[in-house]
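Encoded as C-alpha coordinates, the structure appears first; notes follow it.
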Amino acid sequence: MRPLFSIGVTTYDRWALLRETLVSISRQTFGDFEVLVGNDHVARPLSADDLGVDDPRLRIVNHPRNLGETGNMNALLALASGRYFTWLADDDLHAPRFLEATRTALETFGAQCAFASYAFGAAFPEEAMAATPTMRMLTGREFLREYLARSLKALGCYGVFETSILRALGGMERLGQGFSPYSDNLLAIRCGLLDRIVYVDAPLVLFRAHPGSVSLTSRDVAAYTTAQEALVERALPVLTAESLRADFARNLFMLLRWCIRDFAAVVARAGGLGGGAAVRYLRFVAAAARPLRGSGLYAPTLRFAARTGARVAVDMVRSVGRGAAPA
(Lines give C-alpha, C1' and ligand atoms only; values in the text may rest on other atoms or scores of the structure.)
Protein backbone atom coordinates (compact mmCIF):
# COMPACT_ATOMS: atom_id res chain seq x y z
CA MET A 1 0.00 0.00 0.00
CA ARG A 2 1.10 3.56 -0.64
CA PRO A 3 2.59 5.07 2.55
CA LEU A 4 1.57 8.52 3.72
CA PHE A 5 5.17 9.72 4.02
CA SER A 6 8.37 9.04 2.11
CA ILE A 7 11.65 10.05 3.75
CA GLY A 8 14.72 10.27 1.52
CA VAL A 9 18.00 9.87 3.38
CA THR A 10 21.20 10.70 1.51
CA THR A 11 24.46 9.13 2.64
CA TYR A 12 28.11 8.84 1.73
CA ASP A 13 30.42 6.74 3.91
CA ARG A 14 29.03 7.80 7.31
CA TRP A 15 27.49 4.56 8.50
CA ALA A 16 27.71 5.24 12.22
CA LEU A 17 25.87 8.54 11.89
CA LEU A 18 23.43 6.98 9.42
CA ARG A 19 22.48 4.31 11.96
CA GLU A 20 21.55 7.02 14.46
CA THR A 21 19.55 8.86 11.81
CA LEU A 22 17.60 5.71 10.94
CA VAL A 23 16.97 4.96 14.62
CA SER A 24 15.44 8.42 15.03
CA ILE A 25 13.10 7.67 12.12
CA SER A 26 12.18 4.20 13.41
CA ARG A 27 11.14 5.72 16.75
CA GLN A 28 8.46 7.92 15.19
CA THR A 29 5.13 7.88 17.01
CA PHE A 30 3.42 7.77 13.60
CA GLY A 31 4.45 4.75 11.58
CA ASP A 32 2.93 5.04 8.09
CA PHE A 33 6.10 5.85 6.15
CA GLU A 34 8.83 4.48 3.92
CA VAL A 35 12.53 5.29 4.13
CA LEU A 36 14.65 5.47 0.98
CA VAL A 37 18.39 5.55 1.65
CA GLY A 38 20.50 6.69 -1.29
CA ASN A 39 24.10 5.49 -0.97
CA ASP A 40 26.37 7.63 -3.15
CA HIS A 41 29.59 5.79 -2.23
CA VAL A 42 29.91 3.59 -5.31
CA ALA A 43 32.93 1.66 -4.03
CA ARG A 44 31.21 0.66 -0.81
CA PRO A 45 27.72 -0.82 -1.31
CA LEU A 46 25.42 -0.67 1.68
CA SER A 47 22.90 -3.17 3.04
CA ALA A 48 20.45 -3.30 5.93
CA ASP A 49 22.64 -5.97 7.53
CA ASP A 50 25.60 -3.58 7.50
CA LEU A 51 23.50 -1.14 9.52
CA GLY A 52 21.93 -3.72 11.79
CA VAL A 53 18.48 -2.58 10.69
CA ASP A 54 15.53 -4.93 10.15
CA ASP A 55 12.58 -2.84 9.02
CA PRO A 56 10.42 -3.61 5.96
CA ARG A 57 9.82 0.11 5.52
CA LEU A 58 13.50 0.63 4.68
CA ARG A 59 14.81 0.49 1.12
CA ILE A 60 18.50 1.02 0.32
CA VAL A 61 19.48 2.24 -3.13
CA ASN A 62 23.16 1.84 -4.05
CA HIS A 63 23.67 4.21 -6.94
CA PRO A 64 25.80 2.74 -9.77
CA ARG A 65 27.59 6.09 -10.14
CA ASN A 66 28.15 9.03 -7.82
CA LEU A 67 25.29 11.51 -8.27
CA GLY A 68 26.45 14.24 -5.90
CA GLU A 69 24.30 15.50 -3.05
CA THR A 70 21.55 17.18 -5.08
CA GLY A 71 21.49 14.39 -7.66
CA ASN A 72 21.11 11.83 -4.87
CA MET A 73 18.26 13.83 -3.34
CA ASN A 74 16.39 14.10 -6.63
CA ALA A 75 16.87 10.39 -7.35
CA LEU A 76 15.17 9.57 -4.04
CA LEU A 77 12.35 12.00 -4.80
CA ALA A 78 11.79 10.26 -8.14
CA LEU A 79 11.53 6.86 -6.39
CA ALA A 80 9.16 7.99 -3.63
CA SER A 81 5.67 6.50 -3.45
CA GLY A 82 4.32 8.42 -0.45
CA ARG A 83 1.76 11.21 -0.66
CA TYR A 84 4.20 13.47 1.19
CA PHE A 85 7.96 13.65 0.91
CA THR A 86 10.87 15.03 2.89
CA TRP A 87 14.62 14.58 3.01
CA LEU A 88 16.94 13.96 5.92
CA ALA A 89 20.74 13.94 5.76
CA ASP A 90 22.64 11.01 7.24
CA ASP A 91 23.94 13.13 10.12
CA ASP A 92 20.66 14.73 11.28
CA LEU A 93 17.74 13.47 13.37
CA HIS A 94 13.95 13.58 13.60
CA ALA A 95 12.33 14.04 16.99
CA PRO A 96 9.90 11.19 17.85
CA ARG A 97 6.82 13.34 17.14
CA PHE A 98 8.08 14.81 13.86
CA LEU A 99 5.79 12.83 11.56
CA GLU A 100 2.84 12.85 13.94
CA ALA A 101 2.96 16.64 14.33
CA THR A 102 3.51 17.12 10.61
CA ARG A 103 0.56 14.92 9.73
CA THR A 104 -1.66 16.86 12.12
CA ALA A 105 -0.47 20.16 10.66
CA LEU A 106 -0.98 19.14 7.04
CA GLU A 107 -4.40 17.63 7.56
CA THR A 108 -5.71 20.30 9.95
CA PHE A 109 -4.82 23.20 7.67
CA GLY A 110 -5.07 21.48 4.28
CA ALA A 111 -1.56 22.74 3.55
CA GLN A 112 0.66 21.96 0.58
CA CYS A 113 3.74 21.69 2.76
CA ALA A 114 4.78 21.94 6.38
CA PHE A 115 7.97 23.20 7.97
CA ALA A 116 9.01 22.39 11.50
CA SER A 117 11.56 24.47 13.34
CA TYR A 118 14.95 22.93 13.98
CA ALA A 119 17.54 22.80 16.72
CA PHE A 120 21.27 23.05 16.24
CA GLY A 121 23.67 21.11 18.43
CA ALA A 122 24.33 17.64 19.76
CA ALA A 123 20.89 16.82 21.20
CA PHE A 124 17.27 17.90 21.05
CA PRO A 125 16.12 20.55 23.54
CA GLU A 126 13.26 19.69 25.88
CA GLU A 127 10.66 21.56 23.84
CA ALA A 128 11.17 19.09 21.00
CA MET A 129 9.27 16.55 23.09
CA ALA A 130 6.18 18.75 23.59
CA ALA A 131 2.96 16.87 22.85
CA THR A 132 1.12 19.77 21.22
CA PRO A 133 3.45 22.15 19.37
CA THR A 134 2.14 25.49 18.15
CA MET A 135 1.11 25.55 14.51
CA ARG A 136 0.12 28.41 12.23
CA MET A 137 -0.96 28.77 8.65
CA LEU A 138 0.95 31.06 6.28
CA THR A 139 0.55 32.13 2.71
CA GLY A 140 3.60 31.74 0.52
CA ARG A 141 4.12 35.49 0.69
CA GLU A 142 4.03 35.49 4.49
CA PHE A 143 6.33 32.48 4.71
CA LEU A 144 8.90 34.04 2.39
CA ARG A 145 8.96 37.34 4.29
CA GLU A 146 9.55 35.59 7.60
CA TYR A 147 12.00 33.08 6.17
CA LEU A 148 14.27 35.71 4.63
CA ALA A 149 14.06 37.84 7.78
CA ARG A 150 14.92 34.72 9.83
CA SER A 151 11.96 35.32 12.08
CA LEU A 152 11.07 31.66 11.63
CA LYS A 153 13.53 28.76 11.49
CA ALA A 154 13.15 26.44 8.54
CA LEU A 155 15.44 24.29 6.42
CA GLY A 156 14.12 24.17 2.87
CA CYS A 157 15.05 20.55 2.19
CA TYR A 158 13.49 19.42 5.49
CA GLY A 159 10.06 20.74 4.67
CA VAL A 160 7.41 18.06 4.17
CA PHE A 161 5.76 18.55 0.78
CA GLU A 162 3.01 17.00 -1.22
CA THR A 163 5.22 14.85 -3.41
CA SER A 164 3.65 16.04 -6.66
CA ILE A 165 4.14 19.69 -5.67
CA LEU A 166 7.78 19.15 -4.73
CA ARG A 167 8.39 17.54 -8.09
CA ALA A 168 6.66 20.48 -9.79
CA LEU A 169 8.92 22.89 -7.87
CA GLY A 170 11.90 21.10 -9.38
CA GLY A 171 13.22 19.33 -6.31
CA MET A 172 16.75 20.36 -5.42
CA GLU A 173 18.83 22.39 -7.86
CA ARG A 174 22.60 22.34 -7.76
CA LEU A 175 24.00 25.85 -7.46
CA GLY A 176 27.56 26.93 -8.22
CA GLN A 177 30.76 24.96 -7.83
CA GLY A 178 31.57 22.55 -5.04
CA PHE A 179 29.00 21.25 -2.57
CA SER A 180 26.18 23.70 -3.44
CA PRO A 181 25.44 25.28 -0.03
CA TYR A 182 22.26 27.15 -1.08
CA SER A 183 20.10 24.53 -2.80
CA ASP A 184 17.81 24.23 0.20
CA ASN A 185 17.51 28.03 0.44
CA LEU A 186 16.37 28.21 -3.17
CA LEU A 187 13.74 25.56 -2.52
CA ALA A 188 12.44 27.52 0.49
CA ILE A 189 12.31 30.70 -1.61
CA ARG A 190 10.29 28.89 -4.28
CA CYS A 191 7.77 28.04 -1.57
CA GLY A 192 6.81 31.70 -1.74
CA LEU A 193 4.79 30.74 -4.82
CA LEU A 194 2.58 28.32 -2.83
CA ASP A 195 -0.76 29.18 -1.27
CA ARG A 196 -0.82 27.23 1.99
CA ILE A 197 2.18 26.52 4.19
CA VAL A 198 1.91 25.46 7.82
CA TYR A 199 4.69 26.19 10.28
CA VAL A 200 5.20 23.97 13.32
CA ASP A 201 6.92 26.10 15.93
CA ALA A 202 8.83 23.33 17.70
CA PRO A 203 12.38 22.05 17.03
CA LEU A 204 11.45 18.65 15.60
CA VAL A 205 14.58 18.34 13.45
CA LEU A 206 18.10 18.28 14.85
CA PHE A 207 20.79 19.80 12.65
CA ARG A 208 23.71 18.09 14.30
CA ALA A 209 27.00 19.82 14.98
CA HIS A 210 29.94 17.49 14.47
CA PRO A 211 33.50 17.73 13.09
CA GLY A 212 32.57 16.25 9.70
CA SER A 213 29.72 18.65 8.94
CA VAL A 214 30.61 20.24 5.59
CA SER A 215 28.23 23.17 5.94
CA LEU A 216 29.78 24.14 9.29
CA THR A 217 33.44 23.61 8.46
CA SER A 218 33.83 24.39 4.76
CA ARG A 219 36.49 26.94 3.85
CA ASP A 220 35.66 26.78 0.16
CA VAL A 221 35.09 30.47 -0.59
CA ALA A 222 34.58 29.75 -4.30
CA ALA A 223 31.75 27.32 -3.54
CA TYR A 224 29.92 29.99 -1.54
CA THR A 225 30.59 32.77 -4.05
CA THR A 226 29.43 30.86 -7.12
CA ALA A 227 26.45 29.39 -5.28
CA GLN A 228 25.35 32.85 -4.09
CA GLU A 229 25.53 34.19 -7.63
CA ALA A 230 23.38 31.30 -8.85
CA LEU A 231 20.99 31.64 -5.90
CA VAL A 232 20.26 35.30 -6.59
CA GLU A 233 19.87 34.63 -10.32
CA ARG A 234 17.39 31.77 -9.73
CA ALA A 235 15.54 33.63 -6.98
CA LEU A 236 14.78 36.75 -9.03
CA PRO A 237 11.96 35.17 -11.11
CA VAL A 238 10.31 34.12 -7.83
CA LEU A 239 10.76 37.46 -6.09
CA THR A 240 9.31 39.30 -9.11
CA ALA A 241 6.26 37.00 -9.44
CA GLU A 242 2.96 38.88 -9.35
CA SER A 243 1.96 37.53 -5.93
CA LEU A 244 5.30 38.62 -4.41
CA ARG A 245 6.11 41.78 -6.37
CA ALA A 246 4.95 44.16 -3.62
CA ASP A 247 7.67 42.72 -1.34
CA PHE A 248 10.39 42.58 -3.98
CA ALA A 249 12.74 45.26 -2.63
CA ARG A 250 12.49 44.07 0.96
CA ASN A 251 12.92 40.40 0.06
CA LEU A 252 15.94 41.02 -2.16
CA PHE A 253 17.50 43.21 0.52
CA MET A 254 17.07 40.48 3.15
CA LEU A 255 18.41 37.81 0.79
CA LEU A 256 21.55 39.83 0.10
CA ARG A 257 22.10 40.46 3.82
CA TRP A 258 21.88 36.71 4.36
CA CYS A 259 24.43 36.08 1.59
CA ILE A 260 26.84 38.70 2.91
CA ARG A 261 26.76 37.30 6.44
CA ASP A 262 27.37 33.77 5.20
CA PHE A 263 30.22 34.95 3.00
CA ALA A 264 31.83 36.71 5.94
CA ALA A 265 31.59 33.53 8.01
CA VAL A 266 33.27 31.32 5.43
CA VAL A 267 35.98 33.92 4.81
CA ALA A 268 36.69 33.95 8.54
CA ARG A 269 36.98 30.15 8.56
CA ALA A 270 39.26 30.28 5.52
CA GLY A 271 41.61 32.67 7.30
CA GLY A 272 41.19 35.62 4.97
CA LEU A 273 40.46 36.64 1.43
CA GLY A 274 42.71 38.15 -1.20
CA GLY A 275 42.05 41.72 -2.22
CA GLY A 276 41.11 40.77 -5.77
CA ALA A 277 38.57 38.21 -4.60
CA ALA A 278 37.11 40.72 -2.14
CA VAL A 279 36.68 43.28 -4.91
CA ARG A 280 34.98 40.69 -7.12
CA TYR A 281 32.56 39.83 -4.34
CA LEU A 282 31.67 43.47 -3.75
CA ARG A 283 31.05 43.80 -7.47
CA PHE A 284 28.69 40.83 -7.29
CA VAL A 285 26.80 42.45 -4.40
CA ALA A 286 26.58 45.76 -6.26
CA ALA A 287 25.27 44.03 -9.39
CA ALA A 288 22.81 41.87 -7.46
CA ALA A 289 21.53 44.93 -5.58
CA ARG A 290 21.07 47.01 -8.73
CA PRO A 291 17.31 46.26 -8.92
CA LEU A 292 17.04 48.03 -5.53
CA ARG A 293 17.95 51.40 -6.99
CA GLY A 294 15.19 53.85 -6.30
CA SER A 295 13.85 51.87 -3.34
CA GLY A 296 16.14 53.36 -0.71
CA LEU A 297 17.74 49.96 -0.03
CA TYR A 298 20.53 49.99 -2.60
CA ALA A 299 22.95 52.13 -0.58
CA PRO A 300 22.19 50.31 2.73
CA THR A 301 23.02 47.00 1.01
CA LEU A 302 26.41 48.26 -0.13
CA ARG A 303 27.11 49.79 3.28
CA PHE A 304 26.20 46.52 5.00
CA ALA A 305 28.56 44.60 2.70
CA ALA A 306 31.40 47.06 3.31
CA ARG A 307 30.90 47.12 7.10
CA THR A 308 30.72 43.34 7.32
CA GLY A 309 33.87 42.92 5.25
CA ALA A 310 35.71 45.51 7.31
CA ARG A 311 34.66 43.82 10.55
CA VAL A 312 35.99 40.45 9.34
CA ALA A 313 39.27 42.06 8.30
CA VAL A 314 39.67 43.79 11.67
CA ASP A 315 38.90 40.59 13.57
CA MET A 316 41.57 38.74 11.58
CA VAL A 317 44.19 41.43 12.19
CA ARG A 318 43.45 41.29 15.93
CA SER A 319 43.64 37.48 15.89
CA VAL A 320 47.05 37.54 14.22
CA GLY A 321 48.18 40.27 16.61
CA ARG A 322 47.34 38.02 19.55
CA GLY A 323 49.39 35.26 17.99
CA ALA A 324 46.36 33.14 17.19
CA ALA A 325 45.66 31.57 13.81
CA PRO A 326 42.48 32.83 12.14
CA ALA A 327 39.45 30.60 12.73
Next on the checklist: With the requirement that a residue be under 20 Å from residue 195 (Cα atoms) and either of a type in the set (A, V, I, L, M, F, W, C) or in contact with an Asp or Glu (Cβ under 8 Å, 6 or more places away or on another chain) (or both), what does segment 235-270 give you?
Outcome noted: 235, 236, 238, 239, 241, 244, 246, 248
Item to check | Unique residue being more than 19 Å from the chain's Cα centre (by Cα) and over 26 Å from residue 150 (Cβ atoms) when the list is 101, 80 | outcome: 80
Checklist entry - Which one of these is within 17 Å of residue 9 (Cβ to Cβ), in contact with a Gly (Cβ under 8 Å, 6 or more places away or on another chain), free of Cβ contacts under 8 Å to residues at least 60 places away in the same chain and surrounded by 14 or more Cβ atoms within 10 Å (Cβ to Cβ): 67, 76? => result 67
Item to check | Scan of segment 60-77 for residues that are of a type in the set (Lys, Arg) and modelled with pLDDT under 95, ordered by number | outcome: none
Checklist entry - Has segment 199-212 got at least one residue that is small (Gly, Ala, Ser) and either farther than 30 Å from residue 7 by Cα or part of a helix (DSSP H, G or I) (or both)? => result no
Item to check | Condition check for residue 235: at pLDDT 95 or above, of a type outside the set (Phe, Trp, Tyr) and not assigned by TED's automatic domain parsing to the domain that holds residue 153 | outcome: yes
Checklist entry - Among (1) of a type in the set (Ser, Thr, Tyr); (2) closer than 26 Å to residue 188 by Cβ; (3) modelled with pLDDT under 90, which single condition is residue 319 missing? => result (2)
Checklist entry - When segment 197-224 is examined, which residues are found to be closer than 20 Å to residue 90 by Cβ and hydroxyl-bearing (Ser, Thr, Tyr)? => result 213, 215, 217, 218
Checklist entry - So which of 152, 206, 186, 175 ends up being on the phi < 0 side of the Ramachandran plot, surrounded by fewer than 22 Cβ atoms within 10 Å (Cβ to Cβ) and either over 13 Å from the mean Cα position of the chain (by Cα) or in the same structural domain as residue 94 (by TED's automatic domain parsing) (or both)? => result 152
Checklist outcome for this item: All-but-one check, residue 242 against (1) under 20 Å from residue 293 (Cα atoms); (2) in a helix (DSSP H, G or I); (3) charged (D, E, K, R), failing number (2)
Item to check | Sole exception among (1) assigned to a loop (DSSP other than H, G, I, E, B); (2) without any contact (Cβ under 8 Å) to a residue 12 or more places away in the chain; (3) not small (Gly, Ala, Ser) for residue 237, by number | outcome: (1)
Item to check | Residue satisfying all of: in segment 153-188; in contact (Cβ under 8 Å) with a residue 60 or more places away in the chain and among the charged types (D, E, K, R); nearest to residue 76 (Cα to Cα) among these | outcome: 167
Next on the checklist: Looking at (1) crowded, with 18+ Cβ neighbours inside 10 Å; (2) in contact with a helix residue (DSSP H, G or I) (Cβ under 9 Å, 6 or more places away or on another chain); (3) assigned to a helix (DSSP H, G or I), which one does residue 91 not meet, given that it meets all the others?
Outcome noted: (3)
Checklist entry - Can you tell me how many residues in segment 279-301 are crowded, with 17+ Cβ neighbours inside 10 Å and closer than 13 Å to residue 260 by Cα? => result 6
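The values are calculated or read from the model by the stated rules, or taken from the named source; none is laboratory data. Please read these numbers as outputs of a predicted model, since none were measured by experiment. Cβ: placed from backbone, ideal geometry, glycine included. Neighbour counts: every protein chain shown.
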